[in-house]
Structure formats: structure tokens, C-alpha cells
Amino acid sequence: MLHTNLGINEKGHLTLGGADVVSLAEKYGTPLMLLDKERVRRNIRMYKKAVEECFGKGSLPLFASKALCFKDIYRLAKEEGIGMDAVSVGELFTAEQAGFDLSLAYFHGNNKTDADIAFAVDHGVGTFVVDNEDELRALQAYLETVGKRQKILLRITPGIDPHTHKAIVTGSVDSKFGSAIETGQAEEITRLALSLKNVDLVGFHCHIGSQIFEIDPFTEAADVMLRYIAYIKAQTGFEAKILNLGGGLGVKYVEGQTELDYAAVIKKMAEAIKLRAAAASTAFPLILLEPGRSLVADAGLTVYTVGSVKTIKGYKSYVSVDGGMPDNPRFALYEAPYTVLLANKAGEKANFPCSVVGRCCESGDILQENVSLPSPKRGDYLAVLCTGAYNYSMASNYNRIPRPAIVWIEKGEDRIAVRRETNEDMIRLEV
Ligand code: LLP
């Protein structure tokens, strides 16, 4: 099986976290997102331990909650004692409603509006990750008005190519995010931040991209950032206390992809940072990491009911399910690979080549192409594995299709975390 929390039981049904996926599909209806809570917990603990061991106490993982955002996930982050990264007031609000202490929140985004800035300052967000000069001036202006000081990190683009899909590269010089070292703008914004009375510059941030399997881009980014810290210290006397190295570690979605040992990657990063810090005789900063995908992806799967099965003679076959791009736009956007199987025939031989498509009025509504399933029939349950990250959080109501429910699985028990959206929910904003 793709991940160790998946299995096949004596009925030949797929299991997640020990729970029978077919029984849960029958109980809650489809499409349905199942989330293995123990798996998320395990992933968080693994990161937290590795970060603390390699970088010292005070260093912390922050959950990049754009990967999966609903109240309970922030409660879990709180229970496990990690911080969080937010990119919008919506994420901050959700976390706050869940009782998450916003002093542990890092507020990102390349275009924070004046209203966003005011909300975050007023609600006690711990740290702003300031993207650009324009934002820095707007933040300073608001802080001055309300007579507050705000901790900030500056987002710096280190100019690293992480070899991933172009839509999820973020650390290149011409990126829409951050201020580039190469163009001198990183130094300009650093000097500006140091000159402003109401902001308290505590360090720097970089994020090179997402779904990255190579380790070198991470150690190179860490190296570039450490050099930058040393350079700024030499130029201005300012020594960064915090270095946030972002997220981006890849997750295995299909056989053939690597399964990264995250703790080992973190150890390698730590070695690179220690070497560079020693060479540049800068103090070793506290390190923050911002994993999103690698905390939640493998905890989730989506189960659908198979509807029409259609063979176009001499061409191909389509297996249609009762969801699609509204709950999972990742194939449509990135041609993202996924493992699909029939949850009620999990042990059977896959002998039917097909494309799995959704129910939307759009040819691009594809979940996966060129897969094989065991004689798929109307009424079978089809599972798409590893959908815990960037599925629910990117879901839409395209074609007025309601969003699925999310059900937690914990120690064999199942519990609704987010109820299924209804038709009434979809018209609730309309006058
Ligand atoms: N920190 C920052 C500043 C980020 O922009 C991101 C992701 C992360 C952390 C978390 O990265 P992760 O560990 O999840 O790779 N929608 C795309 C992914 C976009 C990622 C955006 N930023 C997808 O479905 O693949």
C-alpha cells in the first residue's frame, strides 16, 4: 500500500487508520473526505522532534494551514504545541475561533490589504512575514496609528530552482513573493525595516516551492540565507534571531515516487546551517519550518461513488464519479498524479484501463488519466489516496456541487469534523 496507514481488511475493503472505507462511505455518503487523525499527529510529532533535536529548543514547525484549513486542525496543532502559518484573515479567523493562540501565528501573503493588516494587528498575530516594501510601509502606518509594535520577518527570495511544477515554485528571483537578494531589494527592505520605529525585525523567511523531493535546493537555500544574515550583520550590525525556511518537502502520491525521510532531510539542513554559521561566525538562529503537505496529505483520502462507466470503442474508457474538480482541482491545475483504486474491491486485480473523471460540465474535469481498475461498475466506491493536502482547501462549488464532508478517524472511531455542504448552504449568501 502507498502509505502505512492504508490496508485491506478481510472483506477485501480498503482501510484507512484501521477503519473500513466502504462502511464509512455507506454511513456518511459520498464524496467523502476521510482523515486519519493519528497520522496527522504522528507527522506533527516527527517534525517537532526533528526540528527541536536538530535546531535546538525554541525552533518549531509551523503548520502551513493553506494545505488544510478547518477549526479542528488548529485544535490539533494547539494540542501538539506547534505554530501556524496563515495567508489570509480567513485562516487567522478560523484558527482564532478554534481557540488557537494567534501569538503563534505567522501571517504571510504578498498582498495584505489595509483591512488584513488591521485585523492581524488587532487580533494579536505574533509575527508578520512582510513580503515587500509597500506592505512594510502600510504596516508601519497602521502601527503608528494604534501605537503598537509588531514583530516581523522579511520574506527574502534566495534565487533557488527547486525543480518542481512551475505553478508552485516561489523562491526564484522573478517570483511574485518576497524581495530578492540578487537585485539588492532584500537589503533595501532590511534597512528600511531597521529604520522603522514600530516594527521589530526578528529575522528572515524564505520558501522555495512545494512538492520538492531533492534535498539540495533546501540546503542551498539555507546556505544562501545564512550568507545573507552574515552579510546584513556586517553591513548593519543587525543579527537575525530567527530564520524561517518555509515548507515544501514532497509527498509520495504514487508508487515510483520517493518517500522522503523528513527527519533525515531536516538533519541535513541543520548540518548545512551549522557549517555556514560557523564559517560566517554568525550566531545559530532559531529555525522555523512551515510544512503543509507533508503534515496532512497522507492522512487523507477521498471516496466517491462510481456512476457511468463508458467505453468509446477503439479509443478509451471513462469511469465517472460523483465528485471531481470541485473537490480536487489538482489534476486540472497541475496534472498531479494520484493513486486510485476501488475501495470495495481493494484486493482484486486491476484489469480495466480507464480515465477517472468527475461530474462537471467540463472536459478538463479529470481526477486521473490512464489508470487501471478491477471491473468498475456503477455503485462501486472509488478511493483517491493521499488527498489530505490542497484538496479540501482548494475545493470550490463549480457547477453548484456541494463540498464533501470531512470525517476524522481516530482509534477506530469516526466523527464528523466538517459536515457535508447542502444546496441551502450554497444559496445562503444570496438575497
Ligand atoms: N510556506 C509558504 C510561505 C508557502 O507558500 C507554502 C506553500 C508552504 C509554507 C507550505 O508548503 P508545503 O509544505 O505544503 O509544500 N496548491 C499547490 C501547493 C501550493 C503551495 C503554496 N505554498 C498544490 O496543490 O500542490
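Numbers below:
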| read-out | value |
| --- | --- |
| Unique match (being over 17 Å from Arg293 (Cβ atoms) and over 19 Å from the mean Cα position of the chain (by Cα)) among Phe238, Phe177 | Phe238 |
| Any hit, the stretch 255-272, residues being closer than 30 Å to Ser393 by Cα, of a type outside the set (A, V, I, L, M, F, W, C), open to solvent by less than 30 Å² (accessible area, probe 1.4 Å) and not in a helix (DSSP H, G or I) | no |
| So Arg39, is it within 23 Å of Asp327 (Cα to Cα) and under 20 Å from the mean Cα position of the chain (by Cα) | yes |
| Matching residues in the stretch 241-272 - criterion: being over 22 Å from Phe63 (Cα atoms) and more than 16 Å from the ligand (Cβ to nearest atom) | Glu255, Gly256, Glu271, Ala272 |
| Residue selected from the stretch 306-349 under the condition under 23 Å from Lys252 (Cα atoms) and in a strand (DSSP E or B), by the criterion nearest to the ligand (Cβ to nearest atom) | Val340 |
| Check on Gly379, small (Gly, Ala, Ser) and surrounded by fewer than 21 Cβ atoms within 10 Å (Cβ to Cβ) | yes |
| All positions within the stretch 390-408 that are free of Cβ contacts under 8 Å to residues at least 40 places away in the same chain and either under 18 Å from the mean Cα position of the chain (by Cα) or farther than 21 Å from Ala25 by Cα (or both) | Arg400 |
| Test: residue in the stretch 284-300 that is within 16 Å of the ligand (Cβ to nearest atom), buried (at least 20 other Cβ atoms within 10 Å of the Cβ) and at positive phi | no |
| Pairs, first closer than 9 Å to Cys54 by Cβ in the stretch 262-277, second exposed (fewer than 14 other Cβ atoms within 10 Å of the Cβ), C-beta under 8 Å, six or more apart | Ala263/Lys49 |
| Meets criteria (of a type in the set (Gly, Ala, Ser), more than 16 Å from the ligand (Cβ to nearest atom), at pLDDT below 95 and touching a Phe, Trp or Tyr at 6+ places or on another chain (Cβ under 9 Å)) for Gly56 | yes |
| Val303, sole failed condition from (1) surrounded by 24 or more Cβ atoms within 10 Å (Cβ to Cβ); (2) within 16 Å of the ligand (Cβ to nearest atom); (3) not in a loop (DSSP other than H, G, I, E, B) | (2) |
| Residue within the stretch 372-384 that is in contact with a His (Cβ under 9 Å, 6 or more places away or on another chain), within 27 Å of Glu38 (Cα to Cα) and modelled with pLDDT of 95 or more present | yes |
| Residue in the stretch 93-108 that is farther than 16 Å from Val296 by Cα, more than 16 Å from the ligand (Cβ to nearest atom) and charged (D, E, K, R) present | yes |
| Count - residues of the stretch 59-71 that are open to solvent by 20 Å² or more (accessible area, probe 1.4 Å) and either within 16 Å of the ligand (Cβ to nearest atom) or out of contact with any helix residue (DSSP H, G or I) (no Cβ under 7 Å at 6 or more places or on another chain) (or both) | 3 |
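For (1) touching a Pro at 6+ places or on another chain (Cβ under 6 Å); (2) in the same structural domain as Ile212 (by TED's automatic domain parsing); (3) surrounded by fewer than 17 Cβ atoms within 10 Å (Cβ to Cβ), each residue gets a yes or a no:
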position	(1), (2), (3)
Val319	yes, no, no
Thr339	no, no, no
Cys361	no, no, yes
Asn391	no, no, no
Arg400	no, no, yes
Lys411	no, no, yes
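The values are calculated or read from the model by the stated rules, or taken from the named source; none is laboratory data. In this text, all values refer to a predicted model and were calculated from it rather than measured experimentally. We place every Cβ from the backbone using ideal geometry, glycine too, and count neighbours over all the protein chains shown. Quick note on the areas: whole protein, heavy atoms, side chains included, nothing else; ligands and nucleic acids left out. Shrake-Rupley method; radii C 1.70, N 1.55, O 1.52, S 1.80 Å.
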